[in-house]
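One structure below.
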Amino acid sequence: MPIVSTFFGIVIRMYYREHEPAHFHAEYQSVQAKFDFEGRLIVGRMRSRTAKRLIREWAKAHKEDLEKNWNSALTGQPLDRIEPLE
């Protein structure tokens with residue numbers, strides 16, 4: 001599963017040929033969860049409130065990039081790296 005971004009110990013990944021709804025996977029301190037492109041938790045349990053806040057902030061700032069990668073992933077095309085939070 002390609003890594004599309006990393007920041008503050010958070011790793012963001014997207015699978016190829018994924019299922020709807022559009023989402024990405026985030027991992028922080030070995031805890032994994034799925035988020036929508038607004039940064040809302042869909043599945044999983046992200047215990048760190050700070051990590052959830054940072055993921056939400058990042059997702060909102062990069063919604064268009066996430067949508068582009070989602071469309072690429074559905075067709076098996078390479079995914080672009082997305083800028084991290086700084």
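Residues that are in a loop (DSSP other than H, G, I, E, B) and over 25 Å from Pro78 (Cα atoms) within the stretch 1-39 comprise Gln29, Ser30, listed in sequence order. Residues in the stretch 41-52 that are loosely packed, with under 13 Cβ neighbours inside 10 Å and not β-branched (Val, Ile, Thr): Arg45, Arg47, Arg49.
When the criteria are applied in full, Gly76 fails the requirement of being crowded, with 18+ Cβ neighbours inside 10 Å and in a loop (DSSP other than H, G, I, E, B). Do the conditions hold for Pro84, that is, is it modelled with pLDDT under 95 and either of a type in the set (Asp, Glu) or not in a helix (DSSP H, G or I) (or both)? Considered against the rule, which asks whether it is modelled with pLDDT under 95 and either of a type in the set (Asp, Glu) or not in a helix (DSSP H, G or I) (or both), Pro84 comes out as no.
The values are calculated or read from the model by the stated rules, or taken from the named source; none is laboratory data. These numbers were taken from a predicted model, which means no experiment stands behind them. All Cβ positions, even for glycine, are placed from backbone atoms using ideal geometry, and neighbour counts span all protein chains on display.
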